[in-house]
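What follows is one structure encoded as structure tokens, with my remarks underneath.
The values are calculated or read from the model by the stated rules, or taken from the named source; none is laboratory data. These figures come from a predicted structure and were not determined experimentally. Positions of Cβ are generated from backbone atoms using ideal geometry, with glycine treated the same way; all protein chains shown enter the neighbour counts.
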Amino acid sequence: MNTTPTVRITVAGRMSRRLTVAFDGMTVVRRTGTTELIGEVVDQAQLHGLLSRIRDLGLELVSMDVRGTDRREA
């Protein structure tokens, strides 16, 4: 069964609403001192694009967690 991986990326600071537009399609959760970007990624290219966008915007990456990558066949 193939599942679409869900990624949770945490960056330092509270991202403004204006910056979150760059991550359209991701759920944005603002926490004390950090912001989480949560959403499905279809492939590694999309994940690398998200990470590049974080770098290009000068955001500090705190952590990244990928869930649901079970690729075993039923």
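For the reader, a short list of remarks on this structure follows.
- Positions within the stretch 46-63 being among the aliphatic types (A, V, I, L, M) and either touching a helix residue (DSSP H, G or I) at 6+ places or on another chain (Cβ under 8 Å) or over 13 Å from VAL7 (Cβ atoms) (or both), in sequence order: LEU50, LEU57, LEU59, LEU61, VAL62
- Of all residues in the stretch 1-55, those satisfying the criterion of being of a type in the set (Lys, Arg) and out of contact with any strand residue (DSSP E or B) (no Cβ under 6 Å at 6 or more places or on another chain) are ARG17, ARG18, ARG30, ARG31, ARG53, ARG55.
For every residue, the table says whether it meets (1) modelled with pLDDT under 95; (2) in a helix (DSSP H, G or I).
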| site | (1), (2) |
| --- | --- |
| ILE9 | no, no |
| MET15 | yes, no |
| LEU19 | yes, yes |
| VAL28 | no, no |
| THR35 | no, no |
| ILE38 | no, no |
| VAL42 | yes, no |
| LEU50 | no, yes |
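- Subset of the stretch 58-74 (residues that are modelled with pLDDT under 95 and assigned to a loop (DSSP other than H, G, I, E, B)): GLY68, THR69, ASP70, ARG71, ARG72, GLU73, ALA74
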